[in-house]
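Structure, as structure tokens:
The values are calculated or read from the model by the stated rules, or taken from the named source; none is laboratory data. Quick caveat: nothing in here was measured; it's all calculated off a predicted structure. With ideal geometry, Cβ positions are generated from the backbone for all residues, glycine too; neighbour counts draw on all protein chains shown. What goes into the accessible areas is simple: the full protein's heavy atoms, side chains included, and nothing from ligands, DNA or RNA. Shrake-Rupley method; radii C 1.70, N 1.55, O 1.52, S 1.80 Å.
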Amino acid sequence: ITCPVPAEEDTLETDTIIVVIFLAVVLLIILEGTFYDVIVNIRSKRNQENVEENGKPTENEKPIENGNSYPENKYKLRAENGDIQHTQPADKHAQKPGIVGRLVLCFSAYTNGKKILGTSQPKGSLTAVNGIRFLSMSWVILGHTLVFVLGNTSNMLQYYNEFGSRAASQAIFNAPFSVDSFFVLSGLLTSYLLLKQMEKTKGSVNWGLYYFHRYWRLTPVYMIVIGMYVTIYPHLIYGPNKQTSDQICKDFWWKNLLYIDNFFGIKDLCLGWSWYLNNDMQFYILSPLLIVPFFFNQIIGITVSVVFLLAATITPGVLSYVEDFPVHFLGGGPKDTDRAAYFEDYYIVPYCRMGPYICGVITGYILYKTKCKCRMNIFVNLLGWAVATATACGCLYGIYNTVRPDNPVYLSKEVTALYNGVSRTAWGAAVCWVIFACSTGNGGFINTLLSWKAFLPLSRLTYCAYLVHPLVMYVYYFNWNFPLYMTDLDLVYLFLGNLMVSYGIAFIVSIAFESPFMGLEKIMFGGLGKKKK
């Protein structure tokens, strides 16, 4: 293999220079925002110290205790000591930074880092969701670790045959079910939170803001990652696997911007893993059709959800039967199947993937209706856990004999269609049980595990980790000068490394881009909620 000439390959194109300048400007703003934030905090701390040193009991005889004054005292004592952050009541707005200061503070790495790493949650939060979100993301990274590395190994077929012949391999090969877990979480939280909001506002919803919030929450960091992928990523790889700029993303990035590129097939797909974001946004656009009827009439809500669920179950089954889909990327099912069509016409399209999302919407409504309280007989509880466990294991291990590389058992078109139509919805229902049981006090030690506070910061980084983790793997794998002789120990080592580095970079990306844009949204629309109150 002839290595490319470094001098030619390392030449920076105009678009790369523009992105580098943009990142440099963002870095300067972050430094400025962090410096300003620290100065404000130091000044506030000094003022607090002055209050503690000179504080005296006020008229109502409530003294300062342990450096913290009672609310009645705090304002009066700070005013006496000339605290510019807390002046006279007539000038209430003087205690806050101006609009420019607030904009700059949105980029403070100090404040954004504290928010991301914080472990406090509002009362009534569905804490088990945090553990499920992080573990599902870890499962995604585990599956991609194996799939992406196989092409860079010297014993690909040997290792694949040995690994795939074990039943335990299905837990990794079927990692795509982790995406269905994300669909469940998305549908459940959207339903639960929207219904609670509608209850407060008596059914009134600002639908423009409803959609803008979602788009603003996901899109800026998404587009920035695409920009870095097209321009900077190729310059991070050297040697025989040197990469060129992705022409598909250059030509069709606007489809990602509109969240529609999963409708145009594989050849025009920019960021192969972005299909999930497109589906999730498309489900969110349709979500009011499922959720709003529940608020006004339970029977109508159930009817609409059942109709959607039947459509999302029958459609993939019929397509599987007509187009001869396998049961998995690896094959399986009938003897002659179309694997390419499986991904393009089944795996990435919303009408074949909406089942788990609908299950989440229904579960969110149940949690809203029961206010997360449900006293359950122990035998009913155990039966629920047994059925959910059996269902999940059936989805994971039920196709082992047909996808194993050695002596596979072929399935009929009817059985394959049944699996493709039902399996993802069944998996979603099993995940819904776990969330429902944990949220209503019937989760036991599983709820204790999933609600561990350490999962909260990690769950906040899941979106950015999803965006960057394949790039982390590409940069590492493509910089190898020689292929790897793959073993199980290498798989474990690569997975843990990919997990740690992906979340580390996700933390940086979240601080630099995701959190600032969330802060900017609060500045733009923060007053709307107050006016309603």
Sorted list, accessible surface of protein heavy atoms, 1.4 Å probe, largest first, for Thr16, Thr391 is Thr391, Thr16
With each label point set 7 Å from Cα along the Cα-Cβ vector, what nm distance links Thr244 and Phe445?
5.7 nm
q = 0.09, 0.17 Å⁻¹: log10 I(q)/I(0) that the Debye formula gives for region 280-396, counting C-alpha atoms only
-0.35, -1.00
Using a 10 Å cut-off on Cβ atoms, rank the peptides 397-409, 413-425 from the highest mean neighbour count down.
413-425, 397-409
Send over the Kirkwood Rh of region 356-419, from the inverse of the averaged 1/r over different Cα pairs, rounded to one decimal Å.
15.0 Å
Taking N as the residue count of region 97-143, its alpha carbon Rg divided by 2.2 N^0.38 Å gives 1.68
Work out the FRET efficiency for Ile42 and Ser120 from their Cβ-Cβ distance, taking R0 = 25 Å, and round it to the nearest 0.05.
0.60
If you stretched the chain out fully between Asn206 and Lys373, how much longer would it get, using 0.36 nm times the residue separation minus the C-alpha to C-alpha distance?
57.2 nm
With the crude spin-label approximation of a point 7 Å out along Cα→Cβ, what separation in nm comes out for Val501 versus Phe329?
1.9 nm
By how many degrees, 0 to 90 and rounded to 10, does the Cα axis of helix 247-257 deviate from the longest principal axis of the chain?
60 degrees
In degrees between 0 and 90, to the nearest 10, how far off the longest principal axis of the chain does helix 14-54 point, with axes built from Cα atoms?
40 degrees
Using a 1.4 Å probe on heavy atoms of the protein chains only, the accessible area for Leu319 in Å², nearest 10, reads 40 Å²
State the dimensionless ratio Rg/Rh of region 192-347 (Rg: radius of gyration of Cα atoms; Rh: Kirkwood radius).
1.07
For a paramagnetic label modelled at 7 Å from the Cα of Ile314 toward its Cβ, which residues of region 273-305 fall within the zone defined by backbone nitrogen distances under 16 Å?
303-305
Residue order for Val20, Val40 - accessible surface, 1.4 angstrom probe, largest first
Val20, Val40
Length added when fully stretched, Ile285-Val26, from 0.36 nm per residue minus Cα-Cα
90.1 nm
A 28 angstrom limit on the alpha carbon distance is what I want to check against. Which of Lys123/Lys200; Lys115/Lys369; Lys373/Lys522; Lys202/Lys371; Lys114/Lys202 exceed it?
Lys115/Lys369; Lys373/Lys522; Lys114/Lys202
Just the Cα atoms of region 200-263: what Rg and Dmax do they give in Å?
17.6, 63
From the helices alone, meaning DSSP H stretches of at least four residues, give me the mean residue ellipticity at 222 nm for the chain, per-run term -39500 (n - 2.57), in deg cm²/dmol to the nearest 500.
-22000 deg cm²/dmol
The correct pair for region 157-246, radius of gyration to one decimal and Dmax as a whole number, both in Å and from Cα atoms, is 21.6, 63
To check my understanding: the extent here is largest minus smallest coordinate of the Cα atoms along each principal axis. What are those three numbers for region 86-207, in Å, largest first?
77, 37, 26
Mind computing the radius of gyration and Dmax over the alpha-carbon atoms of region 397-533? Å is fine for both.
21.9, 67
Per-pair calculated FRET efficiency, R0 = 25 Å: Phe263 and Arg217 via Cβ, rounded to 0.05:
0.65
Could you state the accessible area per residue of the chain in Å², with a 1.4 Å probe and every protein chain left in place?
50 Å²
Hey, if we sort Cys372, Cys464 by accessible area with the 1.4 Å probe, largest down, what's the order?
Cys372, Cys464
D (µm²/s, integer) via Stokes-Einstein for the chain, Kirkwood Rh across alpha-carbon pairs, 4 °C, 1.567 mPa s: value 49 µm²/s
Excluding ligands and nucleic acids, what accessible area in Å² is computed for Phe252 using a 1.4 Å probe, to the nearest 10?
60 Å²
